[in-house]
Amino acid sequence: MSNKIKITLPDGSIKEFDKGVTGHDIAMSISEGLARNVLSTKVNGQVWDSSRPINEDAHIQLLTWNDPEGQNTFWHSSAHLLAEALEELYPGIKFGIGPPIANGFYYDVDFGDKELQGEELEKIEQKMLELARQKNEFQRSEISKKDAFDYYQKKGDEYKLELIDGLNDGEITFYQQGNFTDLCRGPHIPHTGYIKAVKLLNIAGAYWRGDENRKQLTRIYGITFPKQKELKEYLELLEEAKKRDHRKLGKEMELFAFSEKVGLGLPLWLPKGTMLRDRLENFLKKAQVKAGYQPVITPHIGNKELYITSGHYEKYGKDSFQPIAAPSDDDSKSDEEYLLKPMNCPHHCEIYKTKPRSYKDLPLRLAEFGTVYRYEQSGELHGLTRVRSFTQDDAHIFCRPDQVKEEFIKVIDLVLFVFNSLGFEDFVTQVSLRDPDNKQKYIGGDEVWDKAEKAIIEAAEEKGLNTVIELGEAAFYGPKLDFMVKDALGRSWQLGTIQVDYNLPERFKLEYVGADNSKHRPVMIHRAPFGSMERFVAVLIEHCAGNFPLWLSPEQVAVLPISEKYAGYANKVYNELESNDITGFIDHRDEKIGRKIRDAEIKKIPYMLIVGEQEAADGKVSIRKHGEGDVGNMSLEDFKSFFNQKVTDSIENK
């Protein structure tokens with residue numbers, strides 16, 4: 001029997017190695033420089049320690065800091081380093097979980113009666129760096145369930161004991177670096193010395209296992225880098241992100257607010273924010289009408305039976321707002337129960353069923369800006385990006401199987417039009433397909449899935465999209481295409497989504513009569529270019545730092561009279577602008593003109609029109625542009641032409 005195995009590299013080349021070769025060994029066979037930078041190894045799709053032996057033929061990828069999975073490994077190991085530092089500084093503490101996240105890592109810790117203070121973070125950072133310099137290796141060991149249980153029972157850590165209880169014997173591993181041991185499946189970087197820069201970002205509370213009825217632990221967030229320069233750049237980015245925070249700008253620009261009396265996670269749209277939303281909605285509604293969509297409106301609640309039929313109650317019922325019982329009448333108790341609408345799609349299925357459909361009627365495209373309600377734990381709520389009430393730019397396309405690809409291409413065109421018009425130019429699309437090794441968890445046969453997946457991939461290729469394919473990421477009811485957009489700070493957000501659905505047409509027994517005069521099931525396509533209005537507006541605010549495209553700005557001009565003496569002329573100017581659909585306001589406050597300008601700048605007003613004695617005498621306005629300063633004097637007619645051209649440019653130049 002051969003002691004050799006074949007290793008296939010990402011470029012397709014195949015090399016032979018002895019059994020037991022490691023990712024580090026393979027890297028060394030290529031170059032020492034590469035070996036120094038390898039953090040972990042992807043083996044047949046799974047990420048391993050670079051020191052873990054490979055004993056069979058495998059496809060491998062050597063992961064460095066430049067790979068997202070390499071960074072994931074780096075931050076996972078950093079969470080262990082944080083735990084080691086904490087245990088040295090605060091003996092007797094207990095640990096929950098410590099995973100990597102999109103940017104950095106966290107660890108949930110039970111400090112007992114102690115409350116960790118923010119000023120202690122620097123001391124913990126220094127201890128982490130001290131331990132990192134020891135270059136302690138991360139050592140993996142397999143352990144029996146009994147031995148693992150005995151270890152943590154002796155240590156007195158009930159959180160780890162609870163985690164072990166849910167694991168299968170033979171699948172449990174420990175990792176040790178220095179004097180610290182943790183229950184962990186890995187993978188990890190070769191040793192702690194790779195970690196050169198550390199920043200603990202903040203402290204928060206987190207219920208154990210996300211259960212509000214369990215103990216609240218202390219969650220410490222942090223981030224690390226292999227170079228100090230990269231940490232410096234990241235912290236500068238964080239500072240810029242704070243300036244762009246949609247919660248801060250939303251308050252300053254008077255766009256939205258929250259009230260505890262109204263309820264957590266239930267946004268109140270203020271007049272200016274409502275104007276912004278209306279413009280976004282009207283922009284998409286106009287595009288949808290051109291694309292053949294028909295508008296519909298559905299109620300904010302639905303009978304519980306509707307969501308039982310759709311499957312939403314079974315899947316989300318426990319974590320949703322609970323059913324609303326209908327009041328009893330005089331004679332008997334009512335059995336009716338209603339739910340706040342968690343999704344729009346079941347309602348649209350019922351609209352489809354309002355009359356018989358022929359193959360000639362398809363595709364049927366129904367669109368609605370529908371508000372839905374989903375319960376989020378209070379600790380998960382975050383401005384407009386995570387709320388309990390949000391409005392989706394929802395549409396559902398009911399089509400024949402042979403129309404799926406064409407409809408997908410049309411929806412892609414609509415999403416690209418939205419993104420280009422609003423300045424989102426950096427994005428990738430994720431094609432989410434079935435797990436070929438676990439087909440039983442999906443509804444529908446191979447034939448319909450193969451056709452749908454092929455249609456999505458071909459549609460994305462025809463449109464020249466930058467795509468990544470993810471196996472096993474499809475929804476149980478069909479494959480999907482998600483648009484992952486990068487904002488001005490390089491952060492990635494999922495905004496638009498397109499999903500194929502074979503499940504709801506089956507559940508609702510939707511039918512159309514085909515050319516063969518037989519009944520057939522339509523295919524349903526879900527699509528939402530914005531995703532939700534709340535999330536989209538939040539991302540848009542942070543992307544453009546509140547400097548909206550001119551056509552979208554709720555207040556496009558501020559008329560600033562130098563003193564009360566020129567209020568009459570200011571009113572005349574404003575009325576003239578308003579009659580030409582240029583929106584804004586007059587600042588009649590008894591303040592110096594410098595203060596009025598500063599306040600207009602804070603509110604991100606695109607143009608400031610200053611009027612005083614000379615302007616009133618000449619019938620002109622003195623114009624300042626936000627962030628740039630003086631533009632010059634113009635007559636009102638010239639300004640209107642200038643403004644309208646700028647609006648046109650702000651749309652056409654995208």
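The values are calculated or read from the model by the stated rules, or taken from the named source; none is laboratory data. Quick caveat: nothing in here was measured; it's all calculated off a predicted structure. Virtual Cβ from ideal backbone geometry, glycine too; neighbours counted across all protein chains shown. Just the protein is used for accessible areas: all its heavy atoms, side chains included, with ligands, DNA and RNA removed. Shrake-Rupley method; radii C 1.70, N 1.55, O 1.52, S 1.80 Å.
What about F105, is it open to solvent by 10 Å² or more (accessible area, probe 1.4 Å) and within 25 Å of D211 (Cβ to Cβ)?
Details: open to solvent by 10 Å² or more (accessible area, probe 1.4 Å): no; within 25 Å of D211 (Cβ to Cβ): yes.
No; evaluated as a whole, the condition is false for this residue.
A count restricted to the range 631-654 and to residues that are loosely packed, with under 12 Cβ neighbours inside 10 Å and either in contact (Cβ under 8 Å) with a residue 60 or more places away in the chain or part of a strand (DSSP E or B) (or both) stands at 1.
Checked against the criterion of being closer than 28 Å to G104 by Cα and of a type in the set (A, V, I, L, M), the range 248-259 has at least one qualifying residue.
Restrict the check to the range 578-597 and report whether at least one residue is touching a residue at least 40 places away in the same chain (Cβ under 8 Å), out of contact with any strand residue (DSSP E or B) (no Cβ under 8 Å at 6 or more places or on another chain) and more than 24 Å from D278 (Cβ to Cβ). No.
So that you can scan it fast, the table gives a plain yes or no per residue for (1) open to solvent by less than 10 Å² (accessible area, probe 1.4 Å); (2) touching a Lys or Arg at 6+ places or on another chain (Cβ under 8 Å); (3) at pLDDT 90 or above:
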{"position": "V468", "(1), (2), (3)": "no, no, no"}
{"position": "L471", "(1), (2), (3)": "no, yes, no"}
{"position": "A475", "(1), (2), (3)": "no, no, no"}
{"position": "R491", "(1), (2), (3)": "no, no, no"}
{"position": "V500", "(1), (2), (3)": "yes, yes, no"}
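Filtering the range 607-630 to residues that are open to solvent by 20 Å² or more (accessible area, probe 1.4 Å), touching a residue at least 12 places away in the same chain (Cβ under 8 Å) and under 39 Å from the mean Cα position of the chain (by Cα) leaves R624, K625, H626, G627.
T371 meets all of the listed conditions (1) closer than 30 Å to D245 by Cα; (2) open to solvent by less than 20 Å² (accessible area, probe 1.4 Å) but one, namely (2). Give the range 308-334 a look and list any residue that's at pLDDT below 85, open to solvent by 70 Å² or more (accessible area, probe 1.4 Å) and assigned to a loop (DSSP other than H, G, I, E, B), or say none. Hits for the range 308-334 are P327, S328, D329, D330, D331, K333.
Quick one: which residue in F74, F111 is over 15 Å from C184 (Cα atoms), in contact with a Ser or Thr (Cβ under 9 Å, 6 or more places away or on another chain) and hydrophobic (A, V, I, L, M, F, W, C)? Write out each step before concluding.
Details: F74 fails: over 15 Å from C184 (Cα atoms).
Of the residues listed, the single one that is over 15 Å from C184 (Cα atoms), in contact with a Ser or Thr (Cβ under 9 Å, 6 or more places away or on another chain) and hydrophobic (A, V, I, L, M, F, W, C) is F111.
Please pick out the residue among E350, E337 that is more than 30 Å from R209 (Cα to Cα), open to solvent by 20 Å² or more (accessible area, probe 1.4 Å), in contact with a helix residue (DSSP H, G or I) (Cβ under 7 Å, 6 or more places away or on another chain) and not aromatic (F, W, Y).
On the way: E350 fails: in contact with a helix residue (DSSP H, G or I) (Cβ under 7 Å, 6 or more places away or on another chain).
Sole residue among the options that is more than 30 Å from R209 (Cα to Cα), open to solvent by 20 Å² or more (accessible area, probe 1.4 Å), in contact with a helix residue (DSSP H, G or I) (Cβ under 7 Å, 6 or more places away or on another chain) and not aromatic (F, W, Y): E337.
Of everything listed in (1) in a strand (DSSP E or B); (2) touching a helix residue (DSSP H, G or I) at 6+ places or on another chain (Cβ under 9 Å), the single unmet condition for F417 is (1). Taking the range 222-238 as the range and being surrounded by fewer than 16 Cβ atoms within 10 Å (Cβ to Cβ) and either over 20 Å from the mean Cα position of the chain (by Cα) or part of a strand (DSSP E or B) (or both) as the test, the residues that pass are K227, Q228, K229, E230, K232, E233, L235, E236.
It is to be established whether one or more residues within the range 433-453 are surrounded by 15 or more Cβ atoms within 10 Å (Cβ to Cβ), touching a residue at least 24 places away in the same chain (Cβ under 8 Å), part of a loop (DSSP other than H, G, I, E, B) and aliphatic (A, V, I, L, M).
To start, the set of residues in the range 433-453 that are surrounded by 15 or more Cβ atoms within 10 Å (Cβ to Cβ) comprises 433-434, 442-444, 448-449, 451-453.
If we keep only those that are touching a residue at least 24 places away in the same chain (Cβ under 8 Å) too, we end up with 433-434, 442-444, 448-449, 451-453.
Still in the running and part of a loop (DSSP other than H, G, I, E, B): 434, 442-444.
Checking which are aliphatic (A, V, I, L, M) leaves us with 443.
Yes, the range 433-453 has at least one match.
Taking the criterion of being assigned to a loop (DSSP other than H, G, I, E, B) and closer than 23 Å to S492 by Cβ, the residues of the range 367-406 that qualify are R374, E376, L381, G383, L384, T385, V387. A197 fulfils the conditions (1) at pLDDT below 95; (2) crowded, with 17+ Cβ neighbours inside 10 Å except for a single criterion, (1). Kindly indicate whether P363 is in contact with a strand residue (DSSP E or B) (Cβ under 7 Å, 6 or more places away or on another chain) and open to solvent by 30 Å² or more (accessible area, probe 1.4 Å). Judged against the criteria, P363 is a match.
The strands (runs of 3 or more DSSP E) located wholly in the range 10-90 that include 2 or more residues which are open to solvent by 30 Å² or more (accessible area, probe 1.4 Å), farther than 23 Å from T181 by Cα and not hydrophobic (A, V, I, L, M, F, W, C) occupy 14-18, 58-63.
May I ask you to verify whether L217 is of a type in the set (A, V, I, L, M, F, W, C), at pLDDT 95 or above, open to solvent by 10 Å² or more (accessible area, probe 1.4 Å) and not in a helix (DSSP H, G or I)? First the steps, then the outcome.
Values: of a type in the set (A, V, I, L, M, F, W, C): yes; at pLDDT 95 or above: yes; open to solvent by 10 Å² or more (accessible area, probe 1.4 Å): no; not in a helix (DSSP H, G or I): yes.
It is false that L217 is of a type in the set (A, V, I, L, M, F, W, C), at pLDDT 95 or above, open to solvent by 10 Å² or more (accessible area, probe 1.4 Å) and not in a helix (DSSP H, G or I).
Yes/no matrix, rows are residues, columns are (1) farther than 21 Å from P91 by Cα; (2) of a type in the set (V, I, T):
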site: E120; (1), (2): no, no
site: A132; (1), (2): no, no
site: Q139; (1), (2): yes, no
site: I143; (1), (2): yes, yes
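Here E119 does not qualify as within 28 Å of L231 (Cβ to Cβ) and either among the β-branched types (V, I, T) or open to solvent by less than 80 Å² (accessible area, probe 1.4 Å) (or both). Taking the criterion of being assigned to a strand (DSSP E or B) and at negative phi, the residues of the range 599-630 that qualify are Y607, M608, L609, I610, V611, K620, V621, S622, I623, R624, K625, D630.
Counting only residues that are surrounded by 14 or more Cβ atoms within 10 Å (Cβ to Cβ), farther than 30 Å from T648 by Cα and touching a residue at least 12 places away in the same chain (Cβ under 8 Å), the range 239-288 holds 3 of them.
Residue under question is G464, and the condition is that it be touching a strand residue (DSSP E or B) at 6+ places or on another chain (Cβ under 8 Å) and of a type outside the set (A, V, I, L, M); does it hold? Spelling it out, it is not the case that G464 is touching a strand residue (DSSP E or B) at 6+ places or on another chain (Cβ under 8 Å) and of a type outside the set (A, V, I, L, M).
The single condition among (1) out of contact with any strand residue (DSSP E or B) (no Cβ under 7 Å at 6 or more places or on another chain); (2) at negative phi; (3) touching a residue at least 24 places away in the same chain (Cβ under 8 Å) that P342 does not satisfy is (1).
From V573, V539, V557, V513, which residue is touching a Phe, Trp or Tyr at 6+ places or on another chain (Cβ under 8 Å), farther than 30 Å from F427 by Cα and open to solvent by less than 10 Å² (accessible area, probe 1.4 Å)? Reasoning before the result, please.
Details: V573 fails: touching a Phe, Trp or Tyr at 6+ places or on another chain (Cβ under 8 Å); V539 fails: farther than 30 Å from F427 by Cα; V513 fails: open to solvent by less than 10 Å² (accessible area, probe 1.4 Å).
Exactly one of V573, V539, V557, V513 is touching a Phe, Trp or Tyr at 6+ places or on another chain (Cβ under 8 Å), farther than 30 Å from F427 by Cα and open to solvent by less than 10 Å² (accessible area, probe 1.4 Å), namely V557.
When the range 128-154 is filtered for residues that are part of a helix (DSSP H, G or I) and under 19 Å from I195 (Cα atoms), the ones remaining, listed by number, are M128, L129, E130, L131, A132.
Look at (1) over 30 Å from E542 (Cβ atoms); (2) in contact with a Leu (Cβ under 9 Å, 6 or more places away or on another chain); (3) open to solvent by less than 10 Å² (accessible area, probe 1.4 Å) and you find that R400 fails only one, number (3).
Might you let me know whether the range 457-464 holds any residue that is within 24 Å of P346 (Cα to Cα) and surrounded by fewer than 17 Cβ atoms within 10 Å (Cβ to Cβ)?
No: zero hits.
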